[in-house]
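First the structure, in the form of structure tokens, and then the observations on it.
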Amino acid sequence: LKVMSIEFVMRDQHEEAVIWRGPMKHRLIRQFIAEVDWGNLDFLVVDAPPGTGDEPLSICQMAPPRSQAVIVTTPQQVALKDVKKSIRFCKALNMPVFGIVENMSGFVCPDCGAAHALFKSGGGEKLARETGFRFLGRIPIDPRLVTASDDGKPFVLEYPESPASNAFDEIIAPMLALSPPRMKKH
């Protein structure tokens with residue numbers, strides 16, 4: 001896994017704000033995509049900010065020909081309205097949508113296993129049906145994900161049997177099917 005972030009090139013990684021207009025952002029994205037020595041990659045994942053602004057536009061314009069978008073939403077109606085705009089954005093730029101993921105889809109208590117729909121559930125799947133895109137799955141909230149991330153530990157290795165880890169496995173399975181055979185499940 002190789003990672004590149006603007007934070008790595010900032011003078012003060014924890015305090016400095018990035019206050020740039022479109023052309024500066026565009027140049028940086030071009031550098032990240034075209035000038036970073038990524039080596040041989042099975043996948044290049046770009047975590048774009050939500051919306052239809054400069055960053056997603058630059059990414060879509062520079063993406064290699066076989067690129068596809070994975071749309072991530074939360075189940076609430078207000079989030080789904082914004083995500084619909086992102087889908088129309090992808091269509092307008094001829095960026096194929098690989099599928100839709102519903103994040104924060106309920107909370108499964110790690111202690112008792114009870115499931116609670118804190119922000120509703122099913123909005124992402126409904127959107128996938130409406131748009132004709134593949135529904136990749138739901139990721140439930142798991143507070144251990146925050147702890148593992150803060151500790152620099154891969155959540156899926158720390159809690160491989162958790163509902164969230166199982167959701168990640170389900171979501172990435174069709175993506176891994178696109179990759180060369182040497183790719184393995186975590």
Could you say which residue among D37, D42 is part of a loop (DSSP other than H, G, I, E, B), of a type outside the set (S, T, Y) and exposed (fewer than 10 other Cβ atoms within 10 Å of the Cβ)? D37
Could you tell me which residue of the stretch 47-81 is modelled with the highest pLDDT, considering only residues that are open to solvent by 70 Å² or more (accessible area, probe 1.4 Å) and either touching a Phe, Trp or Tyr at 6+ places or on another chain (Cβ under 9 Å) or farther than 27 Å from G106 by Cα (or both)? Q68
Checked against (1) surrounded by fewer than 18 Cβ atoms within 10 Å (Cβ to Cβ); (2) among the aliphatic types (A, V, I, L, M); (3) touching a Gly at 6+ places or on another chain (Cβ under 8 Å), L176 satisfies every condition except (3)
If I filter the stretch 1-31 down to residues being closer than 26 Å to P174 by Cα and of a type in the set (A, V, I, L, M, F, W, C), which single residue comes out as surrounded by the most Cβ atoms within 10 Å (Cβ to Cβ)? M4
Pairs only if they're at least six apart or on different chains, beta carbon under 8 angstrom, first in the stretch 82-107 and open to solvent by 50 Å² or more (accessible area, probe 1.4 Å), second part of a loop (DSSP other than H, G, I, E, B) and of a type in the set (V, I, T); list them, first residue then second. K85/T52; N103/T74; N103/I139; M104/T74; M104/I139
How many of the residues making up the stretch 108-120 are assigned to a loop (DSSP other than H, G, I, E, B) and either open to solvent by 60 Å² or more (accessible area, probe 1.4 Å) or under 23 Å from R134 (Cβ atoms) (or both)? 4
Contacts under 7 angstrom Cβ, first residue in the stretch 49-60 being touching a residue at least 24 places away in the same chain (Cβ under 8 Å) and under 12 Å from C90 (Cβ atoms), partner assigned to a helix (DSSP H, G or I) and aromatic (F, W, Y), 6 or more apart: T52/F89; P56/F89
Filtered residue count, the stretch 122-154, keeping only those that are assigned to a loop (DSSP other than H, G, I, E, B) and in contact with a strand residue (DSSP E or B) (Cβ under 7 Å, 6 or more places away or on another chain): 5
Need pairs with beta-carbon distance below 6 Å; first residue free of Cβ contacts under 8 Å to residues at least 24 places away in the same chain and open to solvent by 70 Å² or more (accessible area, probe 1.4 Å) and within the stretch 144-155, second in a helix (DSSP H, G or I) and not aliphatic (A, V, I, L, M); sequence gap 6+ or separate chains. none
Would you pick out the residues in the stretch 130-143 that are open to solvent by 70 Å² or more (accessible area, probe 1.4 Å) and more than 16 Å from K85 (Cα to Cα)? R134, R138
Can you tell me which residue in the stretch 44-82 is farthest from E125 (Cα to Cα), limited to those that are touching a helix residue (DSSP H, G or I) at 6+ places or on another chain (Cβ under 9 Å) and acidic (D, E)? D54
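The values are calculated or read from the model by the stated rules, or taken from the named source; none is laboratory data. Since the model is a prediction, treat every value here as computed from it, not as a measurement. A quick note on method: Cβ atoms are made from the backbone with ideal geometry, for glycine too, and the neighbour counts reach across all protein chains shown. When the accessible area is computed, the model is the full protein with side chains, heavy atoms only, and any ligands, DNA or RNA have been set aside. Shrake-Rupley method; radii C 1.70, N 1.55, O 1.52, S 1.80 Å.
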